[in-house]
Every structure is written in structure tokens, then in C-alpha cells.
Amino acid sequence: MLEQVQILHAEIARFQAEDQATLEAFRQKFISKKGAIAKLFAGLKAVEPAEKKALGSVLNELKNAAQEKFKVLIEQANTVTQTSGQPAEDLTLPPPAHALGTLHPLTSISNDIIGIFERMGFNVSYGPEVEDDWHNFTALNFPDNHPARDMQDTFFLGTDKVLRTHTSSAQVRVMESLALPIRTIVPGRVFRNEAISARAHCIFHQIEGLYINRHVSFVELKESLFFFVKALFGSRTKIRFRPSYFPFTEPSAELDIDCRICGGKGCKICKYTGWVEIMGAGMVDPQVLTNCKIDPQVYTGFAFGMGIERIAMLQYQIDDLRLFTENDINFLRQF
Ligand code: DAH
């Protein structure tokens, strides 16, 4: 019997499976219940009890070797089928379509906003996210004790650097560097030290607008913003201007539109007033022009700034700011 075991071991080691048929032949010969190894096990009954144990373990070894080899052969057979004449896949089928991504809602609303202002003759500028005190606050007329400078709102980086709290800082850079007249918008990320909730985030996006020329009037500010709102939200949109205060504009205003979510009837988003504020605006304060070395006797201008998340929320009826940054693919695929 031992001799037979040795022969089988050698045969197993030598065996090559070219295809499914030889694989099946191996299975029948060595693995199946009617195979050679099973027969040897059956023969154990006739063996002397003293030898039974030793012989049993020799047979077990043979059985394991056959099973191991069978696994290897199956793997080999699979690779052979894939690389040989008969491919596992039908190469005549058209390739699967590429899964195309979609634009993030903030990107697509920014593109819409930028497009409208470009049609009105504005170009696009950018400013740094890490700003100094001059550009973020001082040049914009923020008094030293202004609450916006407070630790609660601003992320300070060392003594003079901050993460910009608004894109208005880029106004100053643009006025310092571009030739007059200036007609530009500045999209970008801004940062405020706020607790994250459905209505507030520490990182969000704004678009700033600036027009500086001779004889720019408040009428032009109003007309430009009316045009913009109707182009973005539709010609039926109701608009109102409210007097407001910003250190860098005089006079200042806030622009409200009728609530897109409830159609002006009153809901949680518009705090049951029927109106939502979408931007701040005003005539550039003469002191700001002077700070930027522009003569306020010759030039006037208007500026405005809006939060992109707020506008996207109204446009797409999204009621939680956090959705914009959570990267939930099911949310993002809707746009
Ligand atoms: N910077 C203001 C903010 O973050 C928005 C703003 C208001 C920008 C009035 C302006 C403006 O340019 O004229 O709340």
C-alpha cells in the first residue's frame, strides 16, 4: 500500500490541468468518493490494528496533497481560460458608459452668478484666503473695537494674519492694484469662528462685487442688482432694498427677495416674514477710496457681497448648510 501511496503522490505532483475536462479527470481520479485515494482508505479496514494508525496518517497526507493540488489547478484553469483563445468576456460588447460626476451645487451656482455679472461687463478677480489686518479690516474702515474683529468671529493666525472673514478684503487689493475704472467680482472661501449648524458654518463662500468709476450713482447699484436678481431667480422675483450699515459703504443697504421656499407666504427659512436677505451692498465709503489711494472727489463706486450657500439654498430648496460639505454622493448626484 505504501508503494501505491508514493506513486499517487508523484502522479498528483506531476498533474497539469489544461482545461475543465482534465480538471474534472483529476477530481474523479483523486478527490471523488470512487477515486483512488478513497479506495485506499477503504483498504484500511483490512490492515492490522497495529499499523492502522500510521497508515491512516500517511493516507490523510495524501488526501490533503490532492486537495491542495486541486485548488491550485482550479486557479490555473481559470487564468488559462481568461488568457487563452476563448475570452471570459464578450469583447464585441460596447464598453460600459463612464460614470460622469456632476458639478457641486456651489460650483454651479457660482458659475451662474459669475456668468450674469460677466454679461454686465464685470471681470473676475481673486484674493488670498490668508489676509492681513489692513485688507480684511483696517482699510475697510472697521474701527479697532469693531465686534467683527472679536475672537468669537475671526480666526487669527499670529498677530497680523487672519483667515479672511469676507471677500470684501479683495476689494481693497483690487483697488490698490487694478487700473480705473474697475468692474470686478471676487468669488471665494471665507472663514468665521462659528459653531456648525444647519444655518451656520465656519467655512463658507461669498461673491464680492465692485464698480468704481466717475459718477457712479446709487441708481446704478440698484439697477445692476435688480438685473442680477431677475436673471438668476426669474423675472417675477420681488425685490426690496432695506437701509443697513456696513463700515465700508455709505449709504448701505441689504437686498431681500421674496422667499423661494414658501412663495412669500411665510415659513421657517424666511422666519415667517416672506422675505429673505441675499446680500449687502452700498456706495463705497469715501474713506475706503482714500485708503486705497483713489480720489473720492473724482471717483465713486458701489460694492456688494453675497453668500453663495444662502443663494444655493434658496435656488435648490436646501434647508441644511451642512449638506454642502458632507460629500454625501446621493445629495450631490441630484445636481
Ligand atoms: N462683507 C459683508 C459680509 O460679509 C457683505 C457686504 C456688505 C459686502 C456690503 C459688500 C457690501 O461689498 O457693500 O457680511
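At-a-glance table
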read-out: Single match in Leu100, Leu140, Leu93 (criterion: outside the structural domain of Thr325 (by TED's automatic domain parsing) and over 27 Å from the mean Cα position of the chain (by Cα)); value: Leu93
read-out: Residue in region 189-212 that is farthest from the ligand (Cβ to nearest atom), counting only those that are over 22 Å from Asp285 (Cβ atoms) and of a type in the set (S, T, N, Q); value: Ser197
read-out: Some residue of region 260-278 being closer than 28 Å to Trp134 by Cα, within 16 Å of the ligand (Cβ to nearest atom), in the same structural domain as Glu176 (by TED's automatic domain parsing) and crowded, with 19+ Cβ neighbours inside 10 Å; value: yes
read-out: Cross-chain or 6+ apart pairs with Cβ under 6 Å, region 257-268 first and in a loop (DSSP other than H, G, I, E, B), then of a type in the set (Asp, Glu); value: Gly264/Asp258
read-out: Inter-residue pairs, beta-carbon under 8 Å, first under 30 Å from Lys230 (Cα atoms) and in contact (Cβ under 8 Å) with a residue 24 or more places away in the chain and in region 119-147, second surrounded by 13 or more Cβ atoms within 10 Å (Cβ to Cβ) and of a type in the set (Phe, Trp, Tyr), 6+ apart; value: Met120/Phe227; Met120/Phe228; Phe122/Tyr211; Leu140/Phe248
read-out: Qualifying position, being in contact with a strand residue (DSSP E or B) (Cβ under 6 Å, 6 or more places away or on another chain) and either at pLDDT 95 or above or open to solvent by less than 80 Å² (accessible area, probe 1.4 Å) (or both), among Asn136, Asn193, Asn111; value: Asn136
read-out: Residues located in region 284-298, provided they are open to solvent by 20 Å² or more (accessible area, probe 1.4 Å) and within 16 Å of the ligand (Cβ to nearest atom); value: Asp285, Pro286, Gln287, Asn291, Pro296
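Residue-by-condition table, conditions (1) farther than 21 Å from Gln171 by Cα; (2) open to solvent by less than 20 Å² (accessible area, probe 1.4 Å); (3) assigned to a helix (DSSP H, G or I); (4) in contact with a Cys (Cβ under 8 Å, 6 or more places away or on another chain):
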| site | (1), (2), (3), (4) |
| --- | --- |
| Leu210 | no, yes, no, no |
| Glu220 | no, no, yes, no |
| Glu223 | no, no, yes, no |
| Phe227 | yes, no, yes, no |
| Ala231 | yes, no, yes, no |
| Thr237 | yes, yes, no, no |
| Tyr245 | no, no, no, no |
| Pro251 | no, no, no, no |
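The values are calculated or read from the model by the stated rules, or taken from the named source; none is laboratory data. Bear in mind the structure is a predicted one, so any value in this text is a computation, not a measurement. Cβ atoms come from the backbone with ideal geometry, glycine included; neighbour counts cover every protein chain shown. Heavy atoms of the whole protein, side chains included, go into the accessibility calculation; ligands, DNA and RNA do not. Shrake-Rupley method; radii C 1.70, N 1.55, O 1.52, S 1.80 Å.
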